[in-house]
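Please find one structure pasted underneath; my questions will follow.
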Amino acid sequence: MATQTLARLTPTQVDAFWRDGYLALPNFLSDDDVATLSASMDAMDRWVQTHEHPDVQREPNALHTDRVAIRKISHIHLNGGVIWDELMRRDEVLDIMEDLMGPDIRFHHSKMMVKPPFEGSLKPWHQDLPEGFITHEEADRLRPWGTDLQPEQVPIIAIQYYLDDSTLENGCIQVVPGSHRRGLFEDPLHEWRIDPSETVAAEFEAGGALLFHCLTWHYSAPNTSPNGRRGVVYEYMAPATGVELSYMGGRELGWGMPLRSPG
């Protein structure tokens, strides 16, 4: 996988992202970052054992009934507290997004994705764009465009940070390089479209991060290991061209908020 460890991207790295639809950033978070964020997640996990919250999604394949297994926490930039909001706004992250999308950077959404040991469920092959980023009607309009729909027209980029090692065994993300230039497809993607020889496993040690475009094909397998996998996702966007963006994922808590402006 193409990787980087700098606070800003080189032109070669920017080109690699727009060519492949993803970019790996190993060792992006410090050990202190990982420890602080992990402690915060542990506290939230303890809290949900005795409380209900609309932004907490339970793991559907949980094997144990004596505790709540978390699959997803939506709006982690709010529900997690100040440290998660600060991570969303960090200059080094916005610098990278500016390298990729330009100086008009806006917030899309945030979430914590969890794969508990032995029971974390799979996420089928999909593209993010039709999963709540546009209306069903807009998706129907865009699909016939085929490769005329270019990723530069829809600059929505996710960064997922890993608080634990992310491996094939515990359900790391897998991507298909260059798939973001094939257009918009059905959701989820039909399995027959996936050529296993094209897939790349985004394996990381804790502290690593993955950038990927909203049209990039990606998937994560079930967690078959004794090791949990926690990855926080922040989605950033710039103004789209010829595409009507919307937020269909529930409450719009910050969607469209300017994080960096031109000039």
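The values are calculated or read from the model by the stated rules, or taken from the named source; none is laboratory data. The model shown is predicted, which means the values in this text are computed figures rather than measured ones. FYI the Cβ positions are ideal-geometry reconstructions off the backbone, even for glycines, and counts take in every protein chain you see.
Answer yes or no: is there a residue in the range 252-260 that is within 24 Å of Ala24 (Cβ to Cβ), part of a strand (DSSP E or B), more than 17 Å from the chain's Cα centre (by Cα) and not β-branched (Val, Ile, Thr).
The answer is yes, given that some residue of the range 252-260 is within 24 Å of Ala24 (Cβ to Cβ), part of a strand (DSSP E or B), more than 17 Å from the chain's Cα centre (by Cα) and not β-branched (Val, Ile, Thr).
May I pose another question? Can you name the condition, by its number, that Gly183 falls short on among (1) within 17 Å of Phe17 (Cα to Cα); (2) in contact (Cβ under 8 Å) with a residue 40 or more places away in the chain; (3) surrounded by fewer than 19 Cβ atoms within 10 Å (Cβ to Cβ); (4) out of contact with any Lys or Arg (no Cβ under 8 Å at 6 or more places or on another chain)?
(4)
Same structure, new question: Quick check: is even one residue across the range 161-175 surrounded by fewer than 19 Cβ atoms within 10 Å (Cβ to Cβ), out of contact with any Leu (no Cβ under 7 Å at 6 or more places or on another chain) and modelled with pLDDT under 95?
No - not one qualifying residue is present in the range 161-175.
Please list, ordered by residue number, the helices (runs of 4 or more DSSP H) wholly in the range 18-106 having 1 or more residues that are buried (at least 17 other Cβ atoms within 10 Å of the Cβ) and free of Cβ contacts under 8 Å to residues at least 60 places away in the same chain.
Qualifying helices (runs of 4 or more DSSP H): 31-48, 76-79.
OK, next. For the range 150-175, name all the residues that are without any contact (Cβ under 8 Å) to a residue 60 or more places away in the chain and closer than 27 Å to Phe107 by Cβ.
Gln150, Gly171, Cys172, Ile173, Gln174
Let me ask something else. Report every pair of residues separated by at least 6 positions or lying on different chains whose Cβ atoms are under 9 Å apart, first residue within the range 210-234 and more than 17 Å from Ala24 (Cα to Cα), second surrounded by fewer than 23 Cβ atoms within 10 Å (Cβ to Cβ) and aromatic (Phe, Trp, Tyr).
From residues that are more than 17 Å from Ala24 (Cα to Cα), the pairs are Pro222/Phe118; Asn223/Phe118; Thr224/Phe118; Ser225/Phe118; Pro226/Phe118.
Right, another one. Would you mention how many residues in the range 116-132 are touching a strand residue (DSSP E or B) at 6+ places or on another chain (Cβ under 9 Å), at pLDDT 95 or above and crowded, with 23+ Cβ neighbours inside 10 Å?
Of the residues in the range 116-132, 2 are touching a strand residue (DSSP E or B) at 6+ places or on another chain (Cβ under 9 Å), at pLDDT 95 or above and crowded, with 23+ Cβ neighbours inside 10 Å.
Would you confirm whether any residue within the range 166-189 is out of contact with any strand residue (DSSP E or B) (no Cβ under 7 Å at 6 or more places or on another chain), among the acidic types (Asp, Glu) and within 21 Å of Pro124 (Cβ to Cβ)?
Yes, some residue in the range 166-189 is out of contact with any strand residue (DSSP E or B) (no Cβ under 7 Å at 6 or more places or on another chain), among the acidic types (Asp, Glu) and within 21 Å of Pro124 (Cβ to Cβ).
Mind checking whether some residue in the range 220-229 is touching a Phe, Trp or Tyr at 6+ places or on another chain (Cβ under 8 Å) and crowded, with 19+ Cβ neighbours inside 10 Å?
Yes, the range 220-229 contains at least one residue that is touching a Phe, Trp or Tyr at 6+ places or on another chain (Cβ under 8 Å) and crowded, with 19+ Cβ neighbours inside 10 Å.
Quick one: how many residues across the range 186-209 are among the aromatic types (Phe, Trp, Tyr) and either surrounded by fewer than 16 Cβ atoms within 10 Å (Cβ to Cβ) or free of Cβ contacts under 8 Å to residues at least 40 places away in the same chain (or both)?
Summing the residues that are among the aromatic types (Phe, Trp, Tyr) and either surrounded by fewer than 16 Cβ atoms within 10 Å (Cβ to Cβ) or free of Cβ contacts under 8 Å to residues at least 40 places away in the same chain (or both) in the range 186-209 gives 1.
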